[in-house]
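Everything below concerns the one structure shown next.
Here, each number is a calculation from the coordinates, and none is a lab measurement. Note that this is a predicted model, so its numbers are computed, not measured. In this analysis, Cβ positions are derived from the backbone assuming ideal geometry, glycine residues included, and neighbour counts consider all displayed protein chains.
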Ligand SMILES: [Zn+2]
C-alpha cells in the first residue's frame with residue numbers, strides 16, 4: 001500500500017483487502033479524501049497515510065454508501081462529508097445492518113480482526129449533499145463532485161479533477177480480471193442506466209479514471225466496459241422478457257459466467273431457471 005501519484009497532488013491508494021482503491025486530491029489550502037475504507041481501524045490507517053502526504057485540513061467524499069468505501073470516516077472527523085443525494089438515506093436505513101452482516105462474514109472467513117473493527121465502527125452520515133454537481137475549491141485547484149445518478153447504486157458520486165484530467169469513479173468503474181466482477185452488481189444497481197453514466201465520465205475527457213477496485217485505467221477501458229455493460233443490459237432484458245434462456249445469455253455474454261450470472265440474477269425476476 002503506497003500512494004500512487006497520478007498527476008501533481010492527485011493520488012490513488014490501493015489495498016489488498018477487496019482490492020479497494022481510494023483517492024486523495026491536494027490543493028494549496030485543503031485536501032479531499034475520496035472514500036474512507038471499510039472500518040474505523042482502516043480509516044485510521046488511511047488518515048495517517050494522508051498525513052504522510054499533507055498536513056492540510058481535509059474534506060471527505062463518499063462515492064457511495066457501501067461499507068468498504070464509507071465506514072472508515074470517524075478518524076477524519078470533524079470535517080465536511082459529501083455524498084450524492086440518496087447516500088444518507090441508504091446509510092440510515094441499511095448501514096447498521098450491513099455493518100453487522102459484514103462483521104459476521106469476516107468472522108466466518110477467519111478474519112476476526114476486521115470483524116472486531118466493524119463492531120467498533122460508527123457509521124458517519126454525510127452532512128453535505130450533492131444534488132447535481134458541486135465544485136469544491138481546494139486552493140489553486142478545484143474538484144468537482146458529480147451526482148451520476150443510478151448505475152452501481154442509486155446514489156453514485158464521482159470526483160472530477162479538471163486540471164489533472166483525473167476522474168475518481170467509485171464502483172461505477174471496476175478493474176477486476178475481466179473488468180466487471182461478480183461483486184460489481186448489488187441489489188441497487190441499474191444495468192439500463194449504467195452505460196449512460198459511463199458516457200458521462202467519458203464526456204469529461206479524462207486521461208486517467210480511478211476505479212473503486214483495481215488499478216487506475218484510461219478512457220479506452222471505460223469505453224470497452226460501457227459496451228460490455230450495455231450487452232449485459234440487453235441480455236438481462238431479454239431474459240426478463242422470456243426471450244432468452246439464462247444458459248443462452250451466459251453463452252452470449254462478453255464476460256465470464258460468474259460475472260454474467262451476478263449481473264442477471266440481481267436484475268431479473270426470471271420466469272424460469274431451466275433450459
Ligand atoms: Zn460498491
- [ ] Quick one: check the C-alpha center-to-center distance for the range 213-228 versus the range 1-37, whole angstrom.
- [x] 19 Å
Open item on the list: With angles folded into 0 to 90 degrees, how steeply does helix 219-240 sit against the dominant principal axis of the chain? Use alpha carbons for both and round to 10.
Closed with: 40 degrees
Task: Residue-averaged [θ]222 nm for the chain, counting only DSSP H segments that reach four residues, each worth -39500 (n - 2.57) - done: -9500 deg cm²/dmol
- [ ] Arrange the following residues from fewest to most other Cβ atoms within 10 Å of their Cβ: 15, 255.
- [x] 15, 255
TODO: Would you mind telling me which residue in 128, 107, 99 has the biggest mean-square fluctuation in a Gaussian network model of the chain, where springs connect alpha carbons within a distance under 10 angstrom?
DONE: 107
Task: Sorted peptide list for 87-96, 108-117, criterion being average Cβ within 10 angstrom, highest first - done: 87-96, 108-117
TODO: Round to the nearest 10 and give me the degree value, 0 to 90, for the angle of helix 194-203's Cα axis relative to the longest principal axis of the chain.
DONE: 50 degrees
Open item on the list: If you restrict to DSSP beta bridges whose two residues both lie in the chain, what percentage is antiparallel, to the nearest 5?
Closed with: 65 percent
- [ ] Rounded to whole Å and ordered largest first, report the semi-axes of the equivalent ellipsoid of the range 3-265 derived from its Cα gyration tensor (root of 5λ).
- [x] 29, 22, 16
TODO: Give me the angle, in degrees from 0 to 90, between the Cα long axis of helix 96-108 and the longest principal axis of the Cα atoms of the chain, rounded to the nearest 10.
DONE: 80 degrees
TODO: Evaluate E = 1/(1 + (r/R0)^6) for residue 89 and residue 111, where r is the Cβ-Cβ distance and R0 equals 25 Å; express this FRET efficiency to the nearest 0.05.
DONE: 0.25
